[in-house]
């Protein structure tokens, strides 16, 4: 039988058919719920179950069991067990609304073996209005989009991106390398609730894999030269040393961040690598142990985020201070 779902903040009501996900039913009914990957990897569609309960065909990677026990669900995978009341409230209620605009390409240049640096500008010195950690959508001619996190702090009308090239990707491998300074891209900005919360007043643990470094860089740049900057640990997981496309620059950030520790971790380092090896979340666990006092930001592959959440929760990480953004082929490439 169908089940009734109400959104607490807007009092919107829609019906979910048997076997249908909450997100699919909402979109079918014209109720706009935040979403991105739609397969449970990124966590964008996270909601809180105020009344009722949900179940899953397969428990989603973008949600930890501790978060589920705390009442959270991922709408793209959740199936109602009965009637529901859901909350879509986000902590960062002061985030700017998304809007469509046209940007001008300033530069496209290589950063690493498969990563390009894209720099975009808004016209007439119009400032980019976003919170460090958010992303924009590049709008393609066929009506689809590609999402990329800002890799620099808000500062005027120019912003940077780290774009991983996906093999045969329509935008990242075919269109982007052919762009030149002066070309234009239609975008929507800003999107996402993954953002820095300075009000937490906790030591910061930043954990990234791949181009998940981009929103972390945006956050840390916003803290540079800030006298209230807390201690910061940055763990960046990559496969090989050649993939650490900002290694030397990151090592210099300690000059502008208070008590900054940078730990690169390679999963496939060769004999010339004398640093940390293995999985990035395991390196964190070995080094820091108790995580009950940290504000934690995770960004990168859904696999890393899933495993890191499980590991960090066991080390005392607190759900309200553990924030994540999972990159997928739609969020960060393709």
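Coordinate-derived values only; no laboratory data. Quantities reported herein were computed from a predicted structural model and do not represent experimental measurements. All Cβ positions, glycine included, derive from the backbone under ideal geometry; neighbour counts span all protein chains shown.
I need the shape label for region 11-149. Rule: rounded when a/c is under 1.5, else prolate if a/b > b/c, else oblate, with a, b, c from the alpha carbon gyration tensor. It comes out prolate by the Cα gyration axes.
Counted residue by residue at 0.36 nm each, then reduced by the alpha carbon distance between them, the extension gain from residue 70 to residue 288 reaches 76.0 nm. Gain on full extension, evaluated as 0.36 nm per residue between residue 198 and residue 125 minus their Cα-Cα distance, stands at 23.6 nm.
Between 214, 241, 286, the GNM of the chain built on Cα springs shorter than 10 angstrom shows 286 fluctuating the most. In the chain, the DSSP-assigned H stretches of four residues or longer account for a calculated mean residue ellipticity at 222 nm of -4000 deg cm²/dmol, using -39500 (n - 2.57) per stretch and the full residue count as denominator. Each label point was placed 7 Å from the Cα along the Cα-to-Cβ direction; for residue 255 and residue 104 their separation is 3.1 nm.
The ranking of 146, 256 from fewest to most other beta carbons within 10 Å of each one's beta carbon is 256, 146. Applying 1/(1 + (r/R0)^6) with R0 = 41 Å to the Cβ-Cβ distance of residue 272 and residue 228, what FRET efficiency is obtained, to the nearest 0.05? My answer for the efficiency is 0.55. Among 266, 176, 213, the largest mean-square fluctuation in a Gaussian network model of the chain, built with springs joining Cα atoms closer than 10 Å, belongs to 176. Computed from the C-beta positions of residue 247 and residue 175, the FRET efficiency with R₀ = 35 Å rounds to 0.80. As a proxy for reagent exposure, ranking 84, 298, 288 by other Cβ atoms within 10 Å from fewest up yields 288, 84, 298.
The modelled label-to-label distance between residue 34 and residue 6, using points 7 Å beyond Cα along the C-beta direction, is 2.3 nm. Distance between the 7 Å Cα→Cβ label points at residue 168 and residue 48: 4.4 nm.
Most fluctuating residue of 130, 14, 148 in a GNM of the chain with Cα springs under 10 Å: which is it? Fluctuation is largest for 14. Relative to one another, the C-alpha centroids of region 202-236 and region 2-67 are positioned 31 Å apart. Looking at the square roots a ≥ b ≥ c of the eigenvalues of the Cα gyration tensor of the chain, which shape do they give, rounded for a/c under 1.5, prolate if a/b is larger than b/c, or oblate? Since a/c reaches 1.5 but b/c is at least a/b, the shape of the chain is classed as oblate. Once you have a ≥ b ≥ c as the square roots of the Cα gyration tensor eigenvalues for region 12-60, tell me rounded if a/c is under 1.5, and otherwise prolate or oblate according to whether a/b is larger than b/c. Rounded is the answer for region 12-60, as its axis ratio a/c remains below 1.5.
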